[in-house]
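Single-structure report; data block below.
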């Protein structure tokens, strides 16, 4: 009976599972297991003093207590968020503008492909190489200062690397340059998915370009916008290579451009997997909270 | 609604990625405790087979300085390529990992901890260490006492005593040998000296820099003439830090010596008056003074700085034109130095002993090093003879024979206060104080940041 039934209904379910195997394996090995072991490690004292291994000894929540009493965690979180926002705001504005221009059929922009490629290009440069370049350009005796002095704008070199806001600004600027192309492409994809009939209808009704953008494009773009914001924020919280290379790992001046991951990286000097693990877990929680907040704000009106 | 679910899902996956990416090597099994690994090696090492030694000699180092010494001065060494050589039938392999970001030590540590399980030809035979972290290795069993290699006190009699004190462990075992001594001098630009002080005679210049008060007074004169007295206040750091009376760490607690505090106060005054910058050592803003346009009057450093680091091979540099001169400066000091360690578990003990004997005890070879490379070698009679030798002169120093000055400095060196934490303390202290010098934060805040940074590197310390 059962046999006959199986013969009639062809089940494709097993293929679904088979095709999922590669992803699940990779996810388990490279994501889930490290994730669980990070949490596990964060409860241990486990580091190397010189060439002597200390631990692992179970110490409960002491690593978390150390991080919180130390007081630096909040400062570094603040730095990270500030630098992310400084880079993200111009990035999203620029991308929206470019995305709207590129996807607007009435503009008929020429050389679209060329520009799309060009704005994406900075993303292809390794972040560390990019930061190295900026470090050389903005050094006290670097070319930017030479140009500014030569042009008579400055009388003495401006010490870009010794000023809190110029360092943060440079980091934000680099992140902006590197990522606005990527964001533009994402937003453009979203905009091209919007039904052109809506635009035509709006134009027939006499809506201005601004009205169309704010009343039609933006609301319909919300899911993509949300995705862009959350991924960018996660990337922002993990900001590491640009400030690390630009400030030579110090996060100076006064550690004002030290990000959370740079701080985490410092713990790896002593192979301090306990504290490093605790910091990672906190970062995970913070990322989760921020993502929820962004998500809430963006979906509130629905 | 569907899109909304999708975006949440995507975000969740990305967030999970954050954590996974950060966990790095945390899932790696705990390393074998050092003692245990070392114990195994001692057993192996007890019966070295002298007759059949290994066919490969692995040398761990951070630049090609040692390779050049081997190539130019070790009898029977044949150069093969940039990282390989040959001594008789033994293949010499140089594993060169640059010092940047501690990469050399990270690599060395990982390999040493695996030393017990490695195949004989893969084992480290020789590794090099520097003064700032020498104790980290010397105080473990990873370095063989040189006595066990068959090197006697008679062999070592001519070496400067301090080069041995630094690398002697708490049980009195000498664990490493150096071919160089590193007394430092004040190296100043002859052209700038002539322009500002009217003379480039070392003895005359010395009177203007005989102590720190004179130093500051001359710095003012230099500033008025458009020169910085030193490229960065970090240049004078070693002069102060080498004349301390207490170590960086006392009973597991970070300790600030009075002389280091004096460096901070003096440097702050120099920076505030605009006499010197705050650049980190080795970066472009610091090295600009190696060229005439850099407008830097002096650097502080030992022989290796003059010949190895000051761009002597680059056209247009002061060193290339022989435009430097050396004088003692305000205080005698010592900076750096490279030591040769035999690694426990090696299968080439006889060869290691011979390399150590030839390069660090053989007066003839060491004199040759001085003549060819202008290094300051770790051999008292050789150096004193060379100091009197009127035919010897250093081209970078415009023909000056600075060896009498170096010799005088070498006698005054004491390195009783070194700890295995010196490297971390020195690096972090200079970084932290930069913020204070530039007026970004108070000394107390900068000092606290320094302590925290050291503890991140050495969680076993407190402050």
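Read the figures in this text as sums done on the coordinates, not as results from a lab. Keep in mind that this is a model prediction, so the values were computed, not measured. Positions of Cβ are generated from backbone atoms using ideal geometry, with glycine treated the same way; all protein chains shown enter the neighbour counts.
Just checking the listed ones, A:252, A:72, A:205: in the Gaussian network model of chain A with Cα springs under 10 Å, the one fluctuating most is A:205. The stretch between residue B:448 and residue B:460 holds 2.7 nm of extra length on full extension. This uses 0.36 nm per residue minus the Cα-Cα distance. Which residue fluctuates the most in chain A, going by a Gaussian network model with Cα springs under 10 Å, if the choices are A:289, A:21, A:230? Residue with maximal mean-square fluctuation among A:289, A:21, A:230: A:21. Just to be sure I understand: of the beta bridges DSSP finds with both ends in the protein assembly as shown, what percent are antiparallel, rounded to 5? Antiparallel bridges make up about 75 percent of those DSSP assigns within the protein assembly as shown. Give the shape of segment A:71-299 as rounded, prolate or oblate, defined through the alpha-carbon gyration tensor: a ≥ b ≥ c are the square roots of its eigenvalues, a/c under 1.5 means rounded, and otherwise the shape is prolate if a/b is larger than b/c and oblate if not. It is oblate, given that a/c is not under 1.5 and a/b is not larger than b/c. Here the spin labels are modelled as points 7 Å beyond Cα on the Cα-Cβ line, and at residue B:225 and residue B:251 they lie 5.1 nm apart.
With a Förster radius of 56 Å applied to the C-beta separation of residue A:215 and residue B:84, the computed FRET efficiency comes to 0.20. Entry note, segment B:202-342: relative contact order of 33 percent, from Cα contacts under 8 Å with a spacing of 6+ residues.
Segment B:348-388 and segment B:122-185 have Cα centres separated by 15 Å.
Per-residue Cβ counts within 10 Å, from other chains only, averaged over A:264-274: what number is that? Other-chain Cβ atoms within 10 Å of each residue's Cβ, averaged: 5.
Stretching the chain fully between residue A:200 and residue A:285 yields a gain of 26.1 nm (0.36 nm per residue, less the alpha carbon separation).
Each of B:71, B:238 was scored by other Cβ atoms within 10 Å of its Cβ. Listed from fewest to most, they are B:71, B:238. For the protein assembly as shown, the pair-distance distribution built from all alpha carbon pairs, in bins 10 Å wide starting at 0, is 2, 12, 19, 21, 19, 13, 8, 4, 2, 1, 0, 0 percent. Calculated mean residue ellipticity, 222 nm, chain B: -12500 deg cm²/dmol, from DSSP H runs (n ≥ 4) at -39500 (n - 2.57) each, averaged per residue and rounded to 500. A Förster radius of 35 Å, combined with the Cβ-Cβ distance separating residue A:296 from residue A:15, puts the computed FRET efficiency at roughly 0.40.
Counting beta carbons within 10 Å around each of A:126, B:383 and listing the fewest first gives the order A:126, B:383.
Approximating the spin labels as points 7 Å out from Cα along Cα→Cβ, the residue B:262-to-residue B:95 distance works out to 4.3 nm. Under 19 Å from a label point set 7 Å out along the Cα-to-Cβ vector of residue B:171, the amide N atoms of segment B:331-351 belong to B:341-346. Shape verdict for chain B, please, from the Cα gyration tensor: rounded (a/c under 1.5), prolate (a/b greater than b/c) or oblate. Oblate.
With the simple spin-label model, which puts each label point 7 Å out from Cα in the Cβ direction, the residue A:107 to residue B:153 separation comes to 8.6 nm. Kindly identify segment B:75-119 as rounded, prolate or oblate by the Cα gyration tensor criterion: order the square roots of the eigenvalues as a ≥ b ≥ c, call it rounded if a/c is under 1.5, otherwise compare a/b with b/c, prolate if a/b is larger, else oblate. Verdict is oblate for segment B:75-119. Potential lengthening of the chain between residue A:69 and residue A:148 amounts to 24.0 nm, from the contour at 0.36 nm per residue minus the alpha-carbon distance.
Highest mobility in the GNM of chain A, judged by mean-square fluctuation with C-alpha springs under 10 Å and restricted to A:121, A:32, A:97, is found for A:32.
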